[in-house]
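Have a look at the structure below before the remarks.
The values are calculated or read from the model by the stated rules, or taken from the named source; none is laboratory data. As the structure is a prediction and not an experimental result, all values here were calculated from the model. Here the Cβ is made from the backbone with ideal geometry for all residues, glycine too, and neighbour counts use every protein chain on show. Side chains are part of the model used for accessible areas, which takes the heavy atoms of the whole protein and leaves out ligands, DNA and RNA. Shrake-Rupley method; radii C 1.70, N 1.55, O 1.52, S 1.80 Å.
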Amino acid sequence: MRQVRGVLFLDYVKMLRSQKSPVVREHLQPDDIVYLQIQIDPERWYPMEVFERLGCAILAIVARGEQFPVRLWGRYSAEQLHKAYPGLLAAGDPVETLNRFRVLRDTFFDFPALAVPMLHDEEAQITINYFMGPVAEEAASTQTMGFFEGLLELAGARDIRADFRTRAWRGDPRTTLALSWSAPRR
């Protein structure tokens, strides 16, 4: 069973807790509801299957099926993760920031969900495979795109560009995210 660390799981739980609509229950399985009622430990592991269903509920209820709000949430989550892990950010150094992410990434998932196979000055490639259904995989990949845009921005990168070269939700073996940016002003 694949698992996700509580620090990420908690964001999804908080988002759904903030929704007062009874429609939340319609998007979850009965066993999922318990996670909205208990305290989530940021250091503990949680089932990826539940994480996927929580994400699909957020996509349907909060983002209303649109990917743009998901991408913005990803950008916002970069700042939240930086608060939880202050050493993640190397101010003025996007490459070092992405290298620090490489070290931390294995603490977020117990399987190889993300990799940074290529990293140079002003460009990187991220491979993504959460092994979810197509709807959830697209949303999670879009959130990941926003996360990396936000992380690079926090590190001082300018003119950030991001696009998907391959898409697991369309049948490719994995999603490939291409990132490029201009160096921070010195």
Worksheet entry | Sulfur and carbon atoms: percent of accessible area, the stretch 44-104 [1.4 Å] | 57 percent
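If contacts are Cα pairs under 8 angstrom and at least 6 residues apart, what is the relative contact order of the chain in percent? Before the final figure, lay out the partial values.
Working: 310 pairs, mean separation 41.2, N = 186.
In percent, rounded to a whole number, it is 22.
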Fill in: Distance in nm between pseudo-label sites at residue 122 and residue 183 (7 Å out along the Cβ direction from Cα)
0.8 nm
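Taking the chain on its own, what percent of its Cα-Cα pair distances exceed 24 Å?
Numbers: 6178 of 17205 pairs.
The answer is 36 percent, as a whole percent.
Mean residue ellipticity at 222 nm from the helices of the chain, using -39,500 (n - 2.57) per DSSP H segment of n ≥ 4 over the full residue count, to the nearest 500 deg cm²/dmol? All intermediate terms of the calculation are to be shown ahead of the outcome.
Numbers: 7 runs with 88 residues, N = 186.
Dividing the helical sum by the residues of the chain leaves -15000 deg cm²/dmol.
In percent, what relative contact order does the stretch 1-97 have, based on Cα pairs under 8 Å that are 6 or more apart in sequence? Intermediate values should be presented prior to the final figure.
Numbers: 77 pairs, mean separation 30.6, N = 97.
Relative contact order here is 32 percent.
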Fill in: Carbon and sulfur %, accessible surface of the stretch 118-162 computed with the full protein complex present, 1.4 Å
48 percent
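Counting heavy atoms of the protein chains only and a 1.4 Å probe, report the per residue accessible area for the chain as a whole number of Å². Could you put the intermediate results ahead of the total?
Numbers: 9350 Å² over 186 residues.
Using a 1.4 Å probe on heavy atoms only, each residue of the chain averages 50 Å².
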Item to complete: Tabulate in residue order the Karplus-calculated ³J(HN,Hα) for the stretch 90-101, using 6.51 cos²θ - 1.76 cosθ + 1.60 with θ = phi - 60°, rounded to whole Hz; enter x for Gly and Pro.
Response: 10, 4, x, 9, x, 5, 5, 4, 5, 5, 5, 4
Worksheet item: Hey, what D do you get for the stretch 30-103 in µm²/s if you plug the Kirkwood alpha-carbon radius into Stokes-Einstein at 20 °C and 1.002 mPa s?
Response: 146 µm²/s
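May I ask what percent, to the nearest 5, of DSSP beta bridges between residues of the chain are antiparallel? Intermediate results must be reported in sequence, preceding the final value.
Values: 21 of 21 bridges.
Percent antiparallel among DSSP bridges in the chain is about 100.
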Response to the item:
If one builds a Gaussian network model of the chain from Cα atoms under 10 Å apart, the most fluctuating residue listed among 94, 22, 173 is 22
Discussion item. Rounded, prolate or oblate for the stretch 70-126? Axes are the square roots of the Cα gyration tensor eigenvalues, ordered a ≥ b ≥ c, and the cut-off for rounded is a/c under 1.5.
Written reply: rounded
Discussion item. How charged is the neighbourhood of residue 170? Take every other residue with its Cβ under 11 Å from the Cβ of residue 170, and add Lys/Arg as +1 and Asp/Glu as -1.
Written reply: -2
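Going through the stretch 60-160, which trypsin sites (Lys or Arg not before Pro) have at most 13 other Cβ atoms within 10 Å and a DSSP loop state? All intermediate terms of the calculation are to be shown ahead of the outcome.
Values: sites: 64, 71, 75, 83, 100, 102, 105, 158; in loops: 64.
The qualifying sites are 64.
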Fill in: Alpha-carbon centroid distance for the pair the stretch 39-64 / the stretch 2-17, whole angstrom
5 Å
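Can you put 27, 82 in order of accessible area, largest first, using a 1.4 Å probe?
Details: 27 75, 82 50 Å².
Result of the area sort, largest leading: 27, 82.
If contacts are Cα pairs under 8 angstrom and at least 6 residues apart, what is the relative contact order of the stretch 55-165 in percent?
Numbers: 136 pairs, mean separation 42.2, N = 111.
Computed over the stretch 55-165, the figure is 38 percent.
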